[in-house]
Amino acid sequence: MTIAFHPDIATLMAFSAGSLEEPYAVVVSTHIAMCEACREQVKRTDLIGGALLAAEPKAAMSDGALDRLTAALDAADVAPVPVAPSSTVPAPVARYLPDGIDGIRWRFSGPGVAVADLPSSKTAKGRLMLLKVAAGRKVPEHSHGGQELTLILRGAYRDRFGVFATGDIADHDEDVEHQPIAEPGEDCICLVAVDAKLSFRSRLVRTLQPLFGL
Ligand SMILES: [Zn+2]
């Protein structure tokens, strides 16, 4: 699997610090299960965070401390993340899908588009859901009320940023407007965390939004 798109470094650092809301943390940990580069990055971020916490607030870094930290980073082994057997999705999201990706109960959400909400804890801010876009179909053009993290689990889509395929993550904030189109040949299934309703450009789509549950 060749992964071209990763979370922003700020998102990975927030994940490492444990400050991401649950829906986002599930998406990031699922990506990390699929992406060796981000596993390494999070490992480094964890170690740097730990070293900063351990350092005396006013103490100057002793001679060789940086060398020792670098050596520790190089020596850190990255444990492989288990992938659930009998499932085509990695463990972090598999526990939300007891019947696997083919057992999802989809809800119609517009022509060619279906969604399925995944339960997160009651205190979690934001929403975790699966989005399925039929091969060759469009998601209406939209911007975001907040951060939107989208991980491709199956198939691929294309927007003005490029082609996003299995394992790729799109990390967008409220300034981004885009219109994903599923690539032909296979339905595109994504794991999505949003912290606010999507805002659609088309007035018709905005009117129908409550009906479609977007
Ligand atoms: Zn990555």
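Nothing in this text is a laboratory measurement; each read-out follows from the coordinates by a stated rule. Given the structure is predicted, the values throughout are model-derived calculations rather than measurements. Using ideal geometry, Cβ is built from the backbone for each residue, glycine included, and neighbour counts are taken over all protein chains shown.
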TODO: Using packing as a proxy for protection, rank 20-31, 166-177 so that the peptide with the highest average count of other Cβ atoms within 10 Å comes first.
DONE: 20-31, 166-177
Open item on the list: Straight-line reach from K125: which aspartates and glutamates fall under 18 Å, measuring Cα to Cα and dropping same-chain residues less than 8 apart?
Closed with: E21, E22, D117, E148, D171, D173, E174, D195
Task: Nearby aspartates and glutamates by direct alpha-carbon distance to K138 (threshold 17 angstrom, same-chain neighbours under 8 apart not counted) - done: D159, E177, E183, E186, D187
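Under 8 Å for C-alpha pairs, at least 6 residues apart: give me the relative contact order for region 92-192, rounded to a whole percent. Could you put the intermediate results ahead of the total?
Details: 210 pairs, mean separation 28.8, N = 101.
The value is 29 percent.
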